[in-house]
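The values are calculated or read from the model by the stated rules, or taken from the named source; none is laboratory data. Small disclaimer: the values here were computed from a predicted structure and weren't measured. Using ideal geometry, Cβ is built from the backbone for each residue, glycine included, and neighbour counts are taken over all protein chains shown.
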Amino acid sequence: MNAASKNTPALRHWHLTRDAGGIAWATLDRAGESTNALSGEVMAELKLLLDGLDADPPQGLVFRSAKAAGFIAGADVHEFETLVTPEQGEALVRRGWDLFNRIAALPFPTLALIRGHCLGGGLELSLACRHRVAVDDPQTRLGLPEVLLGIVPAWGGMQRLPQRIGPAAALDLMLTGKTVDARRALRLGLVDACVPARLMEEAARARVLDPTPSRQPPLLQRLLNGPLKGLAARQARTQVATKARPEQYPAPYVLIDLWQRHDGDALAGAELLQRVLASPTTRNLIRVFHLQDRLKRFAKDSPFKATRVHVVGAGVMGGDIAAWCALQGFTVTLQDQSLERLEPAFTRAQTLFARRLKSPNAIRAARDRLVPDLEGWGVSHADVVIEAIVEQLPAKRQLFAALEGRLKPGALLATNTSSLRLEDIAQALQAPERLVGLHFFNPVAQMMLVEVVHKADTPPAIAQAAAAFAGALGKLPLPVQSALGFLVNAVLAPYMREALACLDEGVAPAALDAALESWGMPMGPVELMDTVGLDIVRAVGEQLTPGTPSARLQACLEAGHLGKKSGQGFYSWVRGKPHKPQAGSIPQGLAARLVAPLAQRAAALVQEGVVADADLADAGIIFGTGFAPFRGGPLHARTTGNLE
């Protein structure tokens, strides 16, 4: 193997070799980058590579990656930001459409050998191949997540994925942006084989020369991709309408139309394609993508590695933090004062493991990694110790004074406080500079953000280690300075205060929620307060927005109504869901009234240096509160006039 093809010109990103059996191996190793993406230069080289193979056809062609990160992450997102005219957008789409159609029409068999991520344009390239072999590796993920960027898979994915696995599964993947692992991809028929890494080259070599056609979807799915296409499209639109409004997120609706009316050919539906390429939603979602990438980079600034975690406090936050750490592969000891306090946390953990891990062995292994620890023996063995007890300063000080002398050298000492200043908590420590904040958000399993809180005397290495640990948990670390409420709670406080003022003025809770949900928030402010807990809302409000308390809030608390956790708050809660009456009439400008103080407080926190800049403030608020992503963040929206 590894004889270079004589007809292929020198290339920077692609490397073509042939083995003794005449199989050509096209290896993508994008120069100067840790991840493969299909930039214009990479695609131009691919065309030259195919030109060479036309002149000297191989027995078969295998596409693979030289990157440890994976196969291909998709198109180069930066190139979408340079599109100015409709002609430029059409040219970008045509480039991939024509090139991948050319691969699909090659006279010799082709195969994509997939290890690691295979997303967007990467999966579209693999779908253009005759065969696909996926490596059974935890990092292998396949999907077409373009809608998450406000665009559509226009290089053949909208056409070929429904043909390969049927419209039901294909539309579900494309309209949600979900990805699947190698084994799920095999069950769907998306790949032809799922093999261990040690056998991947042998499997690829055997499969590319195998004349056996790929498995076809069942008859019903083939009908839904043909004469019953209208039925499948209607069902998909109904599904999308429950999650996204067309004026806010046009891409999923355009995708369905392109598939139904043009068989996934975006060039044939140019007017639909332009609807997404010219949409401000697309610009803003690409902006959010870059903000997310910036947060991820904070996790890469430290060599800190942890294997053992100790959590003190088995309440909702502490128990769920411990469960999430165990799910991510850490050995976790969870401490509280009694087994009765620990039991609900372990019950919730079992539910989480069963939902996220389908294999009984994997569920059992995660459960075994979560250990009850009434005496706190795990403290001295832990690489990370996280305090998650009641939000009372004396209790936290007492606990940290007891913990400090038991820590092993180099252990990370963290608090999950949601609003208290680190300087106040750390007064109990002999070495106060070692305390950092790791502020998780509820629900822990769903919220991506972790505020990594530092103070003036925090050594950079400790703050960076805390960010690295958050990244190892699959979270997005946001560095913030110690201040009351940090960033997210500090901006939510005036938002909730304004919502309470509206309630006191007689605005119906359901109308208030409906106004903000229509505006783009994932959850209305009243439901949010019920979810957080009305006692916590009052306590945080007294700290961050002192003033006359809300009469409606006081009445609920005096009646013992704490929100979701007590079954009654502003709403009654049944099986974890709020019972909401009809919203009725919604006052004009209600959403803007609530969002304005949030944005104002965010701008002030940037000025005060609590968060480094406006982009990071937007990132924290989007990923910490779910703030309408299609608006690009509150400060960006205020600048662009998109806050109304």
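Given the conditions (1) out of contact with any His (no Cβ under 8 Å at 6 or more places or on another chain); (2) closer than 19 Å to residue 29 by Cα, report the number of the one that residue 140 does not fulfil.
Looking at each condition in turn, residue 140 falls short on (1).
Check 52, 89 and return the single one that is among the small types (Gly, Ala, Ser), farther than 20 Å from residue 143 by Cβ and either assigned to a loop (DSSP other than H, G, I, E, B) or in contact (Cβ under 8 Å) with a residue 60 or more places away in the chain (or both).
89
Taking the stated definitions as given, is residue 396 basic (Lys, Arg) and in contact with an Asp or Glu (Cβ under 8 Å, 6 or more places away or on another chain)?
In short, yes.
Out of (1) buried (at least 17 other Cβ atoms within 10 Å of the Cβ); (2) under 22 Å from residue 140 (Cβ atoms); (3) touching a helix residue (DSSP H, G or I) at 6+ places or on another chain (Cβ under 9 Å), the odd one out for residue 221 is which?
So residue 221 meets the others, but not (2).
Mind telling me which of the residues 267, 255 ends up being part of a loop (DSSP other than H, G, I, E, B), touching a residue at least 40 places away in the same chain (Cβ under 8 Å) and not β-branched (Val, Ile, Thr)?
None of the other options fit; the residue is 267.
Which residue, of 136, 181, is among the charged types (D, E, K, R) and touching a residue at least 60 places away in the same chain (Cβ under 8 Å)?
Result: 136 is the single residue among 136, 181 that is among the charged types (D, E, K, R) and touching a residue at least 60 places away in the same chain (Cβ under 8 Å).
If the requirement is being surrounded by fewer than 14 Cβ atoms within 10 Å (Cβ to Cβ), over 24 Å from the mean Cα position of the chain (by Cα) and not assigned by TED's automatic domain parsing to the domain that holds residue 522, which of these qualifies: 166, 189, 226?
226
Quick one: residue 271 ticks every box in (1) touching a helix residue (DSSP H, G or I) at 6+ places or on another chain (Cβ under 8 Å); (2) on the phi < 0 side of the Ramachandran plot; (3) among the acidic types (Asp, Glu) bar one, so which box is it?
(1)
Among the residues of region 241-251, is there at least one that is under 30 Å from residue 477 (Cα atoms), among the small types (Gly, Ala, Ser), crowded, with 16+ Cβ neighbours inside 10 Å and not assigned by TED's automatic domain parsing to the domain that holds residue 518?
Looking through region 241-251, at least one residue is under 30 Å from residue 477 (Cα atoms), among the small types (Gly, Ala, Ser), crowded, with 16+ Cβ neighbours inside 10 Å and not assigned by TED's automatic domain parsing to the domain that holds residue 518.
Among the numbered criteria (1) under 22 Å from residue 98 (Cα atoms); (2) modelled with pLDDT under 95, which single criterion is violated by residue 41?
(2)
What number of residues within region 474-494 are surrounded by fewer than 24 Cβ atoms within 10 Å (Cβ to Cβ), under 22 Å from the mean Cα position of the chain (by Cα) and under 18 Å from residue 413 (Cα atoms)?
1
Looking at region 509-551 only, could you name the residues that are farther than 22 Å from residue 591 by Cβ and among the acidic types (Asp, Glu)?
535, 542
Listed residues 99, 83; which is surrounded by fewer than 23 Cβ atoms within 10 Å (Cβ to Cβ), assigned to a loop (DSSP other than H, G, I, E, B), over 19 Å from the mean Cα position of the chain (by Cα) and not small (Gly, Ala, Ser)?
83
Being in the same structural domain as residue 494 (by TED's automatic domain parsing), farther than 20 Å from residue 292 by Cα and surrounded by 18 or more Cβ atoms within 10 Å (Cβ to Cβ) narrows it down to one of 631, 593, 575, 552, so name that one.
The conditions single out 552.
Out of region 471-524, which residues are among the basic types (Lys, Arg) and more than 26 Å from residue 281 (Cβ to Cβ)?
497
Just checking, does region 274-288 include any residue being without any contact (Cβ under 8 Å) to a residue 40 or more places away in the chain and more than 30 Å from residue 109 (Cβ to Cβ)?
So far as region 274-288 goes, yes, one or more of its residues are without any contact (Cβ under 8 Å) to a residue 40 or more places away in the chain and more than 30 Å from residue 109 (Cβ to Cβ).
Looking at the structure I just gave you, is residue 374 at pLDDT 95 or above, under 22 Å from residue 328 (Cα atoms) and touching an Asp or Glu at 6+ places or on another chain (Cβ under 8 Å)?
No: the conditions fail for residue 374.
Taking the condition of being over 20 Å from residue 513 (Cα atoms) and in contact (Cβ under 8 Å) with a residue 12 or more places away in the chain, how many residues in region 555-583 meet it?
1
For every residue, the table says whether it meets (1) in contact (Cβ under 8 Å) with a residue 60 or more places away in the chain; (2) touching a Cys at 6+ places or on another chain (Cβ under 9 Å); (3) under 22 Å from residue 400 (Cα atoms).
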{"residue": "335", "(1), (2), (3)": "no, no, yes"}
{"residue": "344", "(1), (2), (3)": "no, no, no"}
{"residue": "352", "(1), (2), (3)": "yes, no, no"}
{"residue": "361", "(1), (2), (3)": "no, no, no"}
{"residue": "378", "(1), (2), (3)": "yes, no, yes"}
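Yes or no: residue 273 in the same structural domain as residue 146 (by TED's automatic domain parsing), modelled with pLDDT under 95, buried (at least 16 other Cβ atoms within 10 Å of the Cβ) and not hydroxyl-bearing (Ser, Thr, Tyr)?
Answer is yes for this residue.
Which residue out of 401, 465 is in contact with a Ser or Thr (Cβ under 8 Å, 6 or more places away or on another chain) and either within 26 Å of residue 594 (Cβ to Cβ) or among the small types (Gly, Ala, Ser) (or both)?
465 is the lone residue from the list that is in contact with a Ser or Thr (Cβ under 8 Å, 6 or more places away or on another chain) and either within 26 Å of residue 594 (Cβ to Cβ) or among the small types (Gly, Ala, Ser) (or both).
Let me confirm something: among 24, 68, which residue is of a type in the set (Gly, Ala, Ser), in contact with a Gly (Cβ under 9 Å, 6 or more places away or on another chain) and in a strand (DSSP E or B)?
24
Filter region 422-461 down to the residues that are out of contact with any Pro (no Cβ under 8 Å at 6 or more places or on another chain), under 17 Å from residue 388 (Cβ atoms) and either small (Gly, Ala, Ser) or part of a loop (DSSP other than H, G, I, E, B) (or both) and list them by number.
428, 437, 440, 441, 442, 443, 444, 445, 447
Take residue 637 and decide whether it is surrounded by fewer than 23 Cβ atoms within 10 Å (Cβ to Cβ), more than 13 Å from residue 492 (Cβ to Cβ) and not charged (D, E, K, R).
For residue 637, the condition - surrounded by fewer than 23 Cβ atoms within 10 Å (Cβ to Cβ), more than 13 Å from residue 492 (Cβ to Cβ) and not charged (D, E, K, R) - is met.
Just name the residue that is nearest to the chain's Cα centre (by Cα) out of those in region 328-365 that are surrounded by fewer than 22 Cβ atoms within 10 Å (Cβ to Cβ), aliphatic (A, V, I, L, M) and within 21 Å of residue 306 (Cα to Cα).
Taking the candidates together, the pick is 362.
Take the conditions surrounded by fewer than 21 Cβ atoms within 10 Å (Cβ to Cβ), at pLDDT 95 or above and not assigned by TED's automatic domain parsing to the domain that holds residue 589 and apply them to residue 459. Does it pass?
Yes; evaluated as a whole, the condition is true for this residue.
Residues 474, 437: which one is touching an Asp or Glu at 6+ places or on another chain (Cβ under 9 Å) and in contact (Cβ under 8 Å) with a residue 12 or more places away in the chain?
The match here is 437.
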